[in-house]
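Below is one structure, written out as structure tokens; the observations come after it.
The values are calculated or read from the model by the stated rules, or taken from the named source; none is laboratory data. Values in this document were obtained by computation on a predicted structure and should not be read as measured data. Cβ: placed from backbone, ideal geometry, glycine included. Neighbour counts: every protein chain shown. To get the accessible areas, we keep the full protein, side chains included, count just its heavy atoms, and leave off ligands, DNA and RNA. Shrake-Rupley method; radii C 1.70, N 1.55, O 1.52, S 1.80 Å.
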Protein chains: 2
Amino acid sequence: MSTAQVAPETRLARPKRADARRNYEKILNVAREAFAEGGESTALEEIARRAGVGIGTLYRHFPSRQALLEALYVNEVEEVCRSAQQLDGADPWEALSEWFERLIGYLATKRALAGELLNYLDLDAPLFQECRTSLYAAGAPLLKRGQDAGVVRPDVEFLEVMHMVVGIAKIPTTDPGQIEHILRIALDGLRYRAEG
Amino acid sequence: MSTAQVAPETRLARPKRADARRNYEKILNVAREAFAEGGESTALEEIARRAGVGIGTLYRHFPSRQALLEALYVNEVEEVCRSAQQLDGADPWEALSEWFERLIGYLATKRALAGELLNYLDLDAPLFQECRTSLYAAGAPLLKRGQDAGVVRPDVEFLEVMHMVVGIAKIPTTDPGQIEHILRIALDGLRYRAEG
DNA sequence: AACTATATGGAGGCAGCCTCCGTTTGTCAA
DNA sequence: TTGACAAACGGAGGCTGCCTCCATATAGTT
């Protein structure tokens, strides 16, 4: 995860050539756009064309459709993690539900991307392990604070809650208000209440 | 929906020929299996081959991959609807949550199928309208009973709740216990409580 | 048995995935 | 600068899967 900010090849011995790096970024950007517009099934050749590179170049950088999607996925996750850090100060319950609301809103704008991406979840791929770790580091403290403050039920795991929220975000409906409503219902179930 | 039980062609003027009907069923059965095994992306030619028919035949019965998936979808929905009717007698809250639990369990066994199917939700397709109507007829009474009995919060719509539950069912995890747990959290949010 | 509407199956056109390799280009040392 | 070479490029081409079309076969009818 952290490596993606510094350019992915830093981990390798030799640095990439300048043109290679440029193309890498270009493809990534174009792909993000293209997938958002035309859905995850957009032809890779179309993406290559739009990026002004040959299909061979695309494939050298991203050996498969999957690889390209994963690279995008990493960016998405990063952005979500970042947004958690701005909520440190607020009321514990507010902070948590605010984060989830942002998460939902964020996923909504990227429905095609994020939604489809998550279907690729090969749950044991190291990439996703890494992402889960990052998400955990970003969001779990928010949950813990809520639990410590007694406003969140204690018998839930962070990842469970994440899954729930993401599941809700992916609900196919044209009305975003409905999703928010469903989220509110679900979060109500998360609140701690004396009678258990 | 109702037509699908009586053989789908009843709605047309002339009845299908016997061989046609046989092939129709054969393809449907093989497709269900194949999709369950190999995921939704199984080649249609593979399915035709397994069913012992030509690809042309498959395409006459199901003019597109989508059409085939939809035909399967209808069956799934029917089964779920049927299961709602066995719960008429029980305690209102029990009946509702039991239905959802069954629904989840059912979807779990058909993850590949049901999960992928729902991604095809073209929300305005008449087929889905019809399915929604059926689901509504089957499940809404359960919800209403709960609301009338004061055990379910009154500010929720049936379809919202359905979406929520299905969203949870689709969560990608290898541990089914986790899904059940998440469902329980979400249903807790559905319960009515005095303080609102 | 003959007739015809209905159904069959697979060849073939098309599109997208991915590989391979001859050509180009950035980089670096002299 | 220039030369040399590893690195990167790009697109032709093979492959597979989607779907159409139509010559052929057959169930059902008279």
Inter-copy distances for B:Tyr59, nm, shortest first, label points 7 Å along Cα→Cβ, are 2.6
Residue of A with Cβ nearest the axis relating A to B, plus distance in whole Å?
-> A:Gly189, 2
Expressed per residue, the solvent accessible area of the range B:65-196 in Å² (1.4 Å probe) is about 44
Considering protein heavy atoms only and a 1.4 Å probe radius, which residues within the range A:146-170 exhibit an accessible-area decrease of no less than 10 Å² in the full assembly relative to the chain by itself?
-> A:Arg153, A:Asp155, A:Val156, A:Glu160, A:His163, A:Met164, A:Gly167, A:Ile168, A:Lys170
Positive-pole candidate from B:Leu58, B:Ala90, B:Tyr106, dipole of the range B:44-111, charges at beta carbon | B:Leu58
Starting from a label point 7 Å past Cα on the Cβ side, list the distances from A:Lys16 to the same position in the other copies, nm, shortest first.
-> 5.2
Unsatisfied cross-links (Cα-Cα over 31 Å) in the set A:Lys144/B:Lys170; A:Lys26/A:Lys170; B:Lys26/B:Lys170; B:Lys16/B:Lys144; B:Lys144/B:Lys170 | B:Lys16/B:Lys144
Going residue by residue through the range A:15-29, the Karplus relation 6.51 cos²θ - 1.76 cosθ + 1.60 with θ = phi - 60° gives ³J(HN,Hα) values, rounded to whole Hz and with x marking Gly or Pro, of x, 6, 5, 4, 5, 4, 4, 4, 4, 3, 5, 4, 4, 4, 5
Which value, in square angstrom to the nearest 100, describes the accessible area buried between chains B and A on both sides, using a 1.4 angstrom probe?
-> 2400
Apply the Karplus parameterisation 6.51 cos²θ - 1.76 cosθ + 1.60, with θ equal to phi minus 60°, to every residue of the range B:138-145 and state each ³J(HN,Hα) to the nearest whole Hz, in sequence, with x for glycine and proline.
-> 7, x, 4, x, 4, 5, 4, 4
Cβ neighbours within 10 Å from other chains - mean over B:129-137 | 0
Compute the label-point distances linking B:Gly177 to its equivalents in the other copies; points lie 7 Å from Cα along Cα→Cβ; give nm, one decimal, shortest first.
-> 4.2
For a quick protection proxy, order the peptides B:38-48, A:139-149 by their average other-Cβ count within 10 Å, most packed first.
-> A:139-149, B:38-48
Amide H proximity to B:Val152 below 5 Å, modelled H, separation 5+ or other chain, gives B:Gln147, B:Tyr192
